[in-house]
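Read the structure below first, then the notes.
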Amino acid sequence: MRIDEEEARIDAGTRSEGDSGARPTEEEARQAIRTLLAYIGDEPDREGLRETPARVIRAMKEHYAGYEQEPETYLSKVFEEVAGYDELVLVSDIEIMSHCEHHMVPFVGKAHVAYIPNGRVVGLSKIARVVDVFAKRLQVQEKLTAQIAKAIDEVLKPQGVAVVIQAQHFCMCYRGVKKPESWTTTSKLLGAFMDEASTRMELLTLMGLPRALGSGR
């Protein structure tokens with residue numbers, strides 16, 4: 001099965017051939033949490049854990065809300081009255097809270113998203129929402145970076161798109177190799193950012209500017 005087919009199957013909430021075919025019910029999901037609690041050696045019926053399965057399911061609905069969303073929803077409304085603006089637009093330090101698909105533990109950090117308009121722009125908050133659509137799914141950082149860039153490129157059709165993500169992974173910081181000071185940086189460049197060295201340099205320069213512009217520092 002190709003990766004895109006697998007993602008489509010997951011997004012549709014169905015199981016692969018040979019399974020029962022239907023998405024598990026919320027009650028089935030709660031029972032699965034109870035089973036995991038018993039597996040780790042605790043007692044699911046004790047007072048402190050009695051409501052835990054329901055709480056976990058509510059948290060999962062929030063953590064993985066991206067499966068119920070599509071980036072096109074946020075990118076479809078654009079503005080063309082931009083006085084001919086066709087220079088770089090950078091939205092930096094977008095907070096990311098996602099979960100690694102290998103261990104289902106968090107990775108957190110910042111996304112920096114840039115694009116060069118081709119006659120139309122999108123509301124700045126919509127860029128952050130697109131980041132959330134993909135971050136609120138089980139992910140690997142490399143795939144997350146590419147998905148954000150691809151969505152913006154396909155819907156807005158700009159001259160170029162650049163996405164840079166810097167994150168810390170709990171699966172590396174607090175288990176396994178246990179290196180809590182490590183950061184992972186990934187990037188995806190499309191269009192002018194890939195083809196033109198001067199455009200890449202402008203992006204890197206803007207990303208390095210002090211955040212408190214005009215403060216006199």
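Every number in this text was worked out from the coordinates using simple rules, so none of it is lab data. Bear in mind that the values here come from a model prediction, so they are computed numbers and not experimental data. Every residue, glycine as well, gets a Cβ built from its backbone with ideal geometry; the counts of neighbours run over all protein chains shown.
For the chain, the longest principal axis of the alpha carbon atoms and the long axis of helix 124-135 meet at an angle near 40°.
Near E43: Cβ cut-off under 11 Å, other residues only, Lys/Arg at +1 and Asp/Glu at -1. The net charge is 0.
Here the gap between Q166 and A32, fully extended at 0.36 nm per residue and compared with their Cα-Cα distance, gives a gain of 44.9 nm. Annotation: average projected area of segment 85-217 is 9.1 square nanometres, based on the convex hull of Cα atoms across all directions.
The modelled label-to-label distance between E68 and E47, using points 7 Å beyond Cα along the C-beta direction, is 3.3 nm. Using a 10 Å Cβ count of at most 16 others and DSSP loop calls, identify the longest part of the chain lacking such GluC sites (Glu not before Pro). For GluC sites (Glu not before Pro) (loop position, at most 16 other Cβ atoms within 10 Å), the longest site-free span of the chain is 102-180.
Going by neighbour counts of Cβ atoms within 10 Å, the residues M201, M207 line up, fewest first, as M201, M207. In loop segments of segment 62-128 as defined by DSSP, the trypsin sites (Lys or Arg not before Pro) with at most 12 further C-beta atoms inside 10 Å of their C-beta are K77.
Per residue of the chain, the DSSP helices (runs of n ≥ 4 H) give a summed -39500 (n - 2.57) that works out to -11500 deg cm²/dmol at 222 nm.
Separation of the alpha carbons by more than 20 angstrom is noted, of K61/K188; K110/K150; K143/K179; K110/K143, for K61/K188; K143/K179.
Net charge dipole, the chain: roughly 620 debye, given to the nearest 20, about the Cα centre with Cβ charges of +1 for Lys and Arg and -1 for Asp and Glu.
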